[in-house]
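Colleague: Handing you a structure now.
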């Protein structure tokens, strides 16, 4: 039987059922279905069932102390009391109060909830005390308790059960986007970026994931789209800050344990309106590194052989290429189209089919070549055309 969750509403409905059943005299005699129960046993079951279900402040532990029984045994007796009382009711009452819709448990008292919170660190109780003292700002609560805003938000469900609503930021994502669009001064944009909480920034990125022009961008992911490793993020953040481009670090609120040490997880974000400025800065860094003036940026393990990458197509991860996720083998497509086998040691022959006028992005990883699955038919037509050019040149 599916259990009904114990809530104040379900508890009030159970009390209404017990009162209706007892008004009909359903408690006067044991249930006909319980053949083994004696009159004394029924009286004891009736007393325990009423004490537990009707008494709002009674607990299974306190009743068990009176009768010399365990909490588990008290719970079973109370459950059987509801079942027997229901079977003694009239059909009209049984239809009005189906047994499957009656909760066998009772909601925890506030005192019990606070004791449970204390046994688990007492964070929910401390948040409750902060809100009751008049603090109505999430960032201030996090600062007073020495926790991150994410950790505070994780206790929102518990607090809602106590009738307490966590304060939220009043600035919406739309308002944030409008403030950033109107501001043009880099110093003021940096102050504005620093004023946003990590929850606001992460929430904005999550909500705008499918929007072409988002408000914030992860620096590591943006560098990866340009063909550089995530490991360049920290170095590039220092470079961008030195030339005045607004950027900041955002804490995630959790850490990864490795080798007995904890490493806090954080990331760098910048405004999406500065994508072109950062792209230009990366190009300048690449040019300077070629002359040996500055540190060379680490590139990804994938190499772009031909075509271009941009907003619609970025550098794939090694996971995507290894597991053929949205990418396919160039060698297999050449074999399907021309019948020429170019796998294994013949991989270099793929370069014969690729030319400078190939608009399809082709990536090389660990000696193998891959192209986007979405460009398959277009790439197939290019290979056919290129194959005919090679054949006619040899003839």
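Colleague: Quick one: in region 35-76, of everything that is in a loop (DSSP other than H, G, I, E, B) and surrounded by 15 or more Cβ atoms within 10 Å (Cβ to Cβ), which residue is nearest to the chain's Cα centre (by Cα)?
Modeller: So the residue we want is 59.
For every residue, the table says whether it meets (1) modelled with pLDDT under 85; (2) within 18 Å of residue 9 (Cβ to Cβ).
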residue: 55; (1), (2): yes, no
residue: 59; (1), (2): yes, no
residue: 71; (1), (2): no, no
residue: 76; (1), (2): no, no
residue: 85; (1), (2): no, no
residue: 105; (1), (2): yes, yes
residue: 111; (1), (2): yes, no
residue: 116; (1), (2): yes, no
residue: 120; (1), (2): yes, no
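Colleague: Return yes when residue 331 is modelled with pLDDT of 80 or more, assigned by TED's automatic domain parsing to the domain that holds residue 370 and farther than 22 Å from residue 226 by Cα and no when it is not.
Modeller: So residue 331 passes the test.
The values are calculated or read from the model by the stated rules, or taken from the named source; none is laboratory data. For clarity, every value in this text was computed on a predicted model and none was experimentally measured. Don't worry about glycine lacking a Cβ; one is built from the backbone with ideal geometry, like all the others, and counts go over all protein chains shown.
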